[in-house]
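**Student:** So that we are looking at the same thing, I have put the structure below in structure tokens.
Values quoted throughout were computed directly from the atomic coordinates according to the rules given, and no laboratory measurement underlies them. Predicted, not measured: the structure shown is a model, and the values here were computed from it. We place every Cβ from the backbone using ideal geometry, glycine too, and count neighbours over all the protein chains shown.
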Amino acid sequence: MLKTNCPICDVQVTLSKNTEESEIISCPDCHTRLVVANLKGNTAILEEAPKVEEDWGE
Amino acid sequence: MITIGLLHTTIRGDEKLIIEAAKKRNIKIKLIDVREEILNRKTYQCDFEVALERCVSTVKGNHATRFFESIGVKVINNSSVSAICEDKFVTSLILQKTHVPTPDFAMVFNADQAQQAIKQLGGFPVVIKPPFGSWGRLLAKVNDIDALETILEHKDVLGSPHQKSFYLQKYIKKPGRDIRSFVINGVTICAIYRDSPHWITNTARGGVATNCPVTKELSNISKKASDAVGGGILSMDVFETADGLQINEINHTTEFKNSEKPTGVSISGAIVDCCIKVAKNL
């Protein structure tokens, strides 16, 4: 388990051990969509997930 | 050991399921965030022969697919399939040309032509869609001439060039749902109903997924549509009409995370198995 903080509300966020860089998650407190921007060793940096763009989809 | 290059931008729940399915099969997945890559043929060091394109950005996914194909990597889905499926107008053209039942449609570039085309389609209501796009974004059900003029003027003034190509589709009255079938190289592995009181039934817009039995009719039309666009890993959006099933759209980087539970089928596993089969046949 890896602990880091939500960049929006600063609550502690726990990431599971199979978390991947670029993964989209939701903050358990403020529910902001976040992206795991950087994941190295025991350090994870979360950022607000990018907004949906015109070419996004299936 | 087989390594599958997973081309991605953000990693959604769907990609996580694919990663898990590969682990279960002892297949190595190399995650490639295409936004971080330098796609230079002269310098790129590639250590996999098969790639699965799962970018949420269609534009980036297309460029990555063409790049990896150019250096000899087999990409699923290939660029020909993607080029058809990413564009609703091209998909409709191919489906109609190959006699796969699909709603009537037309493409126009101005309001006068739109009015004439709507008469050809049997009158209002019609659906206007951007040729490119997903998740039910910017779809408009147009019920009368006033709404048509307003929407086209807004698109003309505010839109990008893509928004100034007006794809018109005959409105199909649905029984509160449509069907999505998941098709791998022509074989329908499972399907869901997408129930919604709204005429847009995408699960991204609140449509609820339940299991849909794979009937012979659904299996046949899904295979025909898959063959028409070149096969691969696809999902079909299917309308139930009085005249039988009709293919509405085809997705080439399909989302499925909400469909494994209701169907009881490991779609992620089937996707990985498809990649393994391709790798073994190289």
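**Student:** I need to check one value: relative contact order of segment B:166-282, counting alpha carbon pairs closer than 8 Å and at least 6 residues apart, in percent.
**Tutor:** 27
**Student:** Separate question: For the protein assembly as shown, list log₁₀ I(q)/I(0) at each q in 0.08, 0.09 Å⁻¹, using the Debye formula over Cα point scatterers of equal strength and ignoring solvent, two decimals each.
**Tutor:** Treating every Cα as an identical point scatterer, log10 I(q)/I(0) equals -0.41, -0.52.
**Student:** Right, another one. Counting only C-alpha contacts under 8 Å and six or more residues apart, can you give the relative contact order of chain A as a whole percent?
**Tutor:** It rounds to 29 percent for chain A.
**Student:** Could I ask something else about it? Using only atoms on other chains, find how many Cβ atoms lie within 10 Å of each Cβ of peptide B:129-136 and report the average.
**Tutor:** Counting other chains' Cβ atoms within 10 Å and averaging over B:129-136 gives 2.
**Student:** If each DSSP helix of 4+ residues adds -39,500 (n - 2.57) and the sum is divided by the residues in the protein assembly as shown, what number results at 222 nm, nearest 500 deg cm²/dmol?
**Tutor:** Estimated from H runs of four or more residues: -8500 deg cm²/dmol.
**Student:** Within chain B, which is the longest segment containing none of the GluC sites (Glu not before Pro) that sit in a DSSP loop and have at most 16 other Cβ atoms within 10 Å?
**Tutor:** Of all site-free stretches, the longest is B:50-282.
**Student:** For segment B:1-128, with the dipole built from +1 on Lys and Arg beta-carbon atoms and -1 on Asp and Glu ones, taken about the Cα centre, which of B:Ile128, B:Ala22, B:Gly72 lies farthest toward the positive end?
**Tutor:** B:Ala22
**Student:** Another one. Computed over the Cα atoms of segment B:111-181, what is the ratio Rg over Rh, Rh following Kirkwood?
**Tutor:** Rounded to two decimals, Rg over Rh is 0.97.
**Student:** Also, I was wondering about something else. From Cα coordinates alone, what are the radius of gyration and Dmax values for segment B:18-111 in angstrom?
**Tutor:** Computed over the Cα atoms of segment B:18-111, radius of gyration and Dmax are 17.1, 56 Å.
**Student:** Taking the Cα-to-Cβ direction at B:Arg25 and at A:Ser16 and moving 7 Å from each Cα, how far apart do the two end points lie in nm?
**Tutor:** Once both label points are built, they end up 2.0 nm from each other.
**Student:** Another question, then. Which is the longest run of chain B containing none of the chymotrypsin sites (Phe, Trp or Tyr not before Pro) found in DSSP loop states (not H, G, I, E, B) with at most 15 other C-beta atoms within 10 Å?
**Tutor:** B:110-282
**Student:** More than 14 Å apart: what percent of Cα pairs in segment B:133-173 qualify?
**Tutor:** Counting every Cα pair in segment B:133-173, those more than 14 Å apart make up 51 percent.
**Student:** Using a Förster distance of 35 Å, how high is the FRET efficiency between B:Asn281 and B:Arg41, based on the Cβ-Cβ distance and rounded to 0.05?
**Tutor:** So the FRET efficiency works out to roughly 0.90.
**Student:** In peptide B:8-16, how many Cβ atoms from other protein chains are near each Cβ within 10 Å, on average?
**Tutor:** 5
**Student:** Working from the alpha-carbon coordinates of chain B, get Rg over Rh, Rh being the Kirkwood radius.
**Tutor:** My calculation of the ratio gives 0.98.
**Student:** Averaged over peptide B:78-85, how many Cβ atoms belonging to another chain are found within 10 Å of each residue's Cβ?
**Tutor:** Average per residue, whole number: 0.
**Student:** Can you run the Rg to Rh ratio on segment B:131-251? Use alpha carbon positions and the Kirkwood inverse-distance Rh.
**Tutor:** Taking Rg over the Kirkwood Rh, I get 1.01.
**Student:** Let me ask you something else. How far apart, in nm, are two points set 7 Å out from the Cα along the Cα-to-Cβ line at B:Glu49 and at B:Val187?
**Tutor:** 2.2
**Student:** Sketch the reach of a paramagnetic label on B:Lys174 as a point 7 Å from Cα along Cα-to-Cβ, and name the residues of segment B:182-216 whose backbone nitrogen lies under 13 Å away.
**Tutor:** Only B:192-210 pass the distance filter.
**Student:** Using only the alpha-carbon atoms of segment B:41-165, report the extent along each of the three principal axes, biggest first, to the nearest angstrom.
**Tutor:** Result for segment B:41-165: principal-axis Cα extents of 57, 35, 21 Å.
**Student:** Along each of its three principal axes, how wide is the spread of alpha-carbon positions in segment B:192-282, in whole angstrom units, largest first?
**Tutor:** 46, 28, 20
**Student:** Starting from the Cα of B:His162, step 7 Å along the direction of its Cβ; do the same at B:Phe124; then give the gap between the two resulting points in nm.
**Tutor:** Between B:His162 and B:Phe124, the label points sit 2.8 nm apart.
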